[in-house]
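A quick write-up on the structure given underneath.
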Amino acid sequence: GRTTRERVSEVGRATETIEETAELVTAAGGTGIAVPADHLEPDQVKALIARVDRDHGRLDVLVNSVWGGDHLLEFDTALWDLDLADGLRMLRLGVESHLVTSHYALPLLIRRPGGLVVEMTDGTAAFNRTYRGNLCFDLTKNAAHRVAFGLAAELKKYGGTAVSLTPGFLRSEEMLDHFGVTEETWRDAVAQEPHFAVAESPLLVGRGVAALAADADKARWSGRSLSSGQLAKEYDFNDADGSRPDGFGYFEEVVLGGKEGSPEDYR
């Protein structure tokens, strides 16, 4: 993470710091440790992994969720009309950073069989067959599926698993701000965007990662594109409010597939 209480990243969201995230982890019963690192700087990533090795001696789960490119997006703009620097920056943020991180982290992860790599993205492989409206964004979010596919092949002989994973319509802090609502009032945004009725909290996809990590038979998923809603059904868990939203089931079947249904049918 690049935003700390002392320094704000290019994303510009000073209220979301790695220290706060670590405190939330600890408050939930874990042990959160905040370490600033720019994952486009190999030396910083190398030092981070060395610290994990020194302090803990093992790495069981790597979740590659580095992004931070939403502020660079120009949807429905042809490649030749895009700001080229912004487009290339998105690719660096969402693809190169993942490769740098895995390069240094995977030698530690493969010391023990059963390791898990999760490539976080936006959209399942099936959903992303539909063009995402910006070529650099489209490439970035589809790359995760191929990275997981390739790492699955490379990790197999070490007993490791790699998957790509997407949340559904995510009620992130940034998305809530976009609609002018809070987590408590999020349904007020449905009037602006009816599909938001299928939205989920970040907890759902987190529970999906935890379920995968705890599954002794997780290798059956290796190389596949997964969604939070799909994993919630498979592993029988719910979102914070007790519902079980399946955002990409809804988008693939109803919005794109023409099936009769409403967002509430997918909760």
Sorting T3, T185, T15 on solvent-accessible surface, 1.4 Å probe, most exposed first, gives T15, T185, T3
Anchor K156: lysines whose Cα lies under 30 Å away (excluding residues fewer than 8 positions away in-chain): K46, K141, K218, K233
Taking only the Cα positions of the range 24-266, the convex hull volume per residue in Å³ is 141
Using helices alone, what [θ] at 222 nm do you get for the chain, with -39,500 (n - 2.57) per DSSP H run of 4 or more residues, divided over all residues and rounded to the nearest 500? -11000 deg cm²/dmol
Would you mind telling me the share, in percent, of accessible area of the chain contributed by carbon and sulfur at probe 1.4 angstrom? 53
Cα atoms only: what Rg and Dmax, in Å, come out for the range 73-120? 15.9, 48
Out of A210, A78, A219, any idea which swings most in a Gaussian network model of the chain, alpha carbons joined below 10 Å? A78
Limiting things to C-alpha atoms, what are the Rg and the maximum Cα-Cα separation (Dmax) for the range 8-64, in angstroms? 12.8, 34
Just want to confirm a number: the relative contact order over the range 84-210, from Cα pairs under 8 angstrom separated by 6+ residues, in percent. 25
Along the range 170-177, Karplus-curve 3J(HN,Hα) (6.51, -1.76, 1.60; θ = phi - 60°) to the nearest Hz, with x for Gly and Pro, reads 8, 8, 6, 4, 5, 5, 4, 5
Defining a contact as two alpha carbons under 8 Å apart and six or more residues distant in sequence, what relative contact order in percent does the chain show? 15
Considering the alpha-carbon set of the range 62-202 alone, what are its Rg and its Dmax in angstrom? 17.0, 51
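The values are calculated or read from the model by the stated rules, or taken from the named source; none is laboratory data. As the structure is a prediction and not an experimental result, all values here were calculated from the model. For accessibility, only protein heavy atoms count, side chains too; no ligands or nucleic acids. Shrake-Rupley method; radii C 1.70, N 1.55, O 1.52, S 1.80 Å.
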